[in-house]
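Participant: Encoded as structure tokens, here's the structure I'll be asking about.
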Amino acid sequence: METIQQDIPQTKADDEEVNNFLSGERPAVTQAVLYLDGVSVSFDGFKAIRNLSLYLEPGEMRAIIGPNGAGKTTMMDIITGKTRPDEGEVLFDHGRHDLTQLDETAIANLGIGRKFQKPTVFESHTVADNILLALKGPRGPFACLYGWRNNVPAEKIDEILTTTGLLEHRNRMAGEISHGQKQWLEIGMLLAQDPAVLLVDEPVAGMTDAETVQTADLLRSIARNHAVVVVEHDMDFVRALNCKVTCLHEGSVLAEGPLDAVAGDQRVIEVYLGR
Ligand code: ADP
Ligand code: MG
């Protein structure tokens, strides 16, 4: 234990070296914002995730597809610390952090934001106040940096409302806006925390076609500055995301690559037809 400590370079300038030390100088680790390798988890003897490996680069957008029960949500539970894997590595930020050793709050504070399937906004507050509350939340980096806590600049709120297409609805109660708009509001609340990685589970379920198209545009604009992982069944939506696709099946990666190659893969076709 002590010898290991001594081997770690001590100065900040050696950050890169620490990084390489922790990751064993594996490029796949040092290049990845999120790195999962050989991950498995069982629930009462049922292996929901088996030997799952997935690497995400900074700023990358990735769509995760796969039939019901493939392990998509469980994968997000593992990344966010809600579920502990039985085996495997889950590393964040170029190998700097071992997520299997951290709790959900610590992982969120590191900069991994998650949006669950069902929108959870503060219905009896205005749209703008929902963003304000998120900016002032425990991880509001702006609040910390500029001492805004009680004085968040209106421009910051407006910027997020503009990105999410909600500016003209800013004074409405969050409980009154449409289901799609609530989903965008919650994405905006995530953005307020400025995470390095956003995990979004089935964002377009229950949306109109027009809202689905707008959501793809929104996530693509977010992916310019953040890594984004999107779980989704809607293939038109996944096509619109225009990103690398990973198909999960029985807890492992069945196919990975451009959507056309994945969708044309015989094993993927069989898995979807076999439902
Ligand atoms: P997906 O999101 O791809 O539809 P899930 O990750 O929700 O799939 O589920 C994968 C499998 O693991 C399913 O068979 C599900 O029933 C099982 N599972 C997920 N979470 C739990 C849990 N907490 N306890 C028991 N079984 C679970
Ligand atoms: Mg799911």
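Participant: Working with all protein chains in place, sort LYS47, LYS182 by solvent-accessible area computed with a 1.4 Å probe, largest first.
Facilitator: Output order, biggest surface exposure first: LYS47, LYS182.
Participant: Name the residues whose placed amide hydrogens come within less than 5 Å of the amide hydrogen of GLY66, ignoring near sequence neighbours (fewer than 5 apart) on the same chain.
Facilitator: Those qualifying (amide H under 5 Å, at least 5 residues apart or on another chain) are LEU248.
Participant: Just how many pairs of Lys in region 23-144 have C-alpha atoms closer than 20 Å, counting pairs that are eight or more places apart or on different chains?
Facilitator: 8
Participant: Please list 3J(HN,Hα) in residue order for region 256-268, calculated via the Karplus relation 6.51 cos²θ - 1.76 cosθ + 1.60 where θ = phi - 60°; whole Hz, with x for glycine and proline.
Facilitator: Here the 3J(HN,Hα) series is 8, x, x, 3, 4, 5, 5, 5, x, 5, 4, 5, 5 Hz.
Participant: Moving to a separate point now. Taking amide H atoms as placed 1.01 Å from N in the peptide plane, list the residues 5 or more away in sequence, or in a different chain, whose amide H sits under 5 Å from that of VAL228.
Facilitator: GLU60, MET61, ARG62, LEU198
Participant: What are the ³J(HN,Hα) couplings of region 101-108, residue after residue, when phi is run through the Karplus curve with 6.51, -1.76, 1.60 and θ = phi - 60°? Round to Hz, x for glycine and proline.
Facilitator: Listing the rounded values in order: 9, 10, 8, 4, 5, 4, 5, 4 Hz.
Participant: Okay, next question. Taking H as built 1.01 Å from N, whose amide H comes closer than 5 Å to the amide H of PHE116, not counting residues under 5 places away?
Facilitator: Here the answer is none, since no amide H 5 or more places off falls under 5 Å of that of PHE116.
Participant: Related question: GLU211: accessible area at probe 1.4 Å, nearest 10 Å²?
Facilitator: Rounded to the nearest 10, that gives 30 Å².
Participant: Going by accessible area, probe 1.4 Å, with all protein chains left in place, what is the ranking of PHE116, PHE46, largest first?
Facilitator: Ranked from most to least accessible, the order is PHE46, PHE116.
The values are calculated or read from the model by the stated rules, or taken from the named source; none is laboratory data. Small disclaimer: the values here were computed from a predicted structure and weren't measured. Surface areas here come from the heavy atoms of the whole protein model, side chains and all, with no ligands, DNA or RNA. Shrake-Rupley method; radii C 1.70, N 1.55, O 1.52, S 1.80 Å.
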